Amino acid sequence: MSIVFQVLSTAIVNFGGMIVGIFYTWPSSTIGLFTSPNTPLNRVMTETEISFLGSLPSISAIIVTPFVGIIIDSLGRKWSCIVFSLIQLASWVIITTCARVEVILFAMFVCGLSSCMFIVVTIYVGEFCENSVRGSMVSATMIFFGTGMLVSYLMGGLLDYKTMNYVGLSLTVLGLVLLSTIKESPLYLLKYGREQVKHSKLLEALPTISISDEISVPAVYNYILNISVTKDQDRGWRRRKHGIERLENCIQKTEEAKKVLKQLAEKRDWLP
């Protein structure tokens, strides 16, 4: 799996983080409009409602965060990103089509549920990227979030209210389309033993290792089990220690993983 592919996949999953940045900064560009007599809503917002406009996303993020682990392990890393992107899409649709104060506040509450995408993205990048680029790719999360805030400020200063909302909606749709092109985390597939995954796809997703004509099943199997050998050289070891231990226990206890690797060893077309 090439470095370029890993970088592109990281950028795609972080695209949703940019949308979160746009959402969190969106009230700054609309407060003046919502409190003016020329408001596009059905009435002028009160001071209390203005306060809720900026705080509701954070409130909903606090509510959903304890359940993120269940969502990630149930749906997978890729589909969790897609679900949170659909939440963002629903928020933009509500904002674009409705003009009632209460509905706008509800849309801001809903968009805050997608803030947990940062957790999913960090886990995905940590499992998907190689050691040589993992640190840089994880830091891209905050870069995209800051970029989203910058884009929101620019849209607020250059575009009118409706156009700004349509641009946000279009960017979210683009993010969903891009998410459909990435692969699931290979460690997640190994952890849960997805039988429907093709062997070739699983191998393509594994981190790059040197393979010769004398490769055997134990060589690949030990590579997966002995990830901890490089823990002293890996700065992110402590963060992934729990996940690696669970992965090792899962592979050791299941015979299905051994059967898959034996089948791969018998096929010569997967060798470089």
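The values are calculated or read from the model by the stated rules, or taken from the named source; none is laboratory data. None of these values were measured; they are calculated from a predicted model. Backbone-built Cβ (ideal geometry, glycine too); neighbour counts: all protein chains shown.
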Helices (runs of 4 or more DSSP H) within segment 147-232 that include 1 or more residues among the hydroxyl-bearing types (Ser, Thr, Tyr) and modelled with pLDDT of 50 or more
161-179, 186-192, 217-225
Residue under evaluation Glu127, criteria (1) in contact with a Phe, Trp or Tyr (Cβ under 8 Å, 6 or more places away or on another chain); (2) under 20 Å from Leu41 (Cα atoms); (3) of a type outside the set (Lys, Arg), criterion not met
(2)
Please go through segment 74-93 and pick out each residue that is of a type in the set (Ser, Thr, Tyr) and in contact (Cβ under 8 Å) with a residue 40 or more places away in the chain.
Ser80, Ser85, Ser91
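Rundown of residues vs (1) in contact with a Leu (Cβ under 9 Å, 6 or more places away or on another chain); (2) in the same structural domain as Gly69 (by TED's automatic domain parsing); (3) under 19 Å from Lys191 (Cβ atoms); (4) not small (Gly, Ala, Ser), yes/no style:
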position	(1), (2), (3), (4)
Thr96	yes, yes, no, yes
Arg100	yes, yes, no, yes
Phe118	no, yes, no, yes
Val121	no, yes, yes, yes
Glu127	yes, yes, yes, yes
Ala140	no, yes, no, no
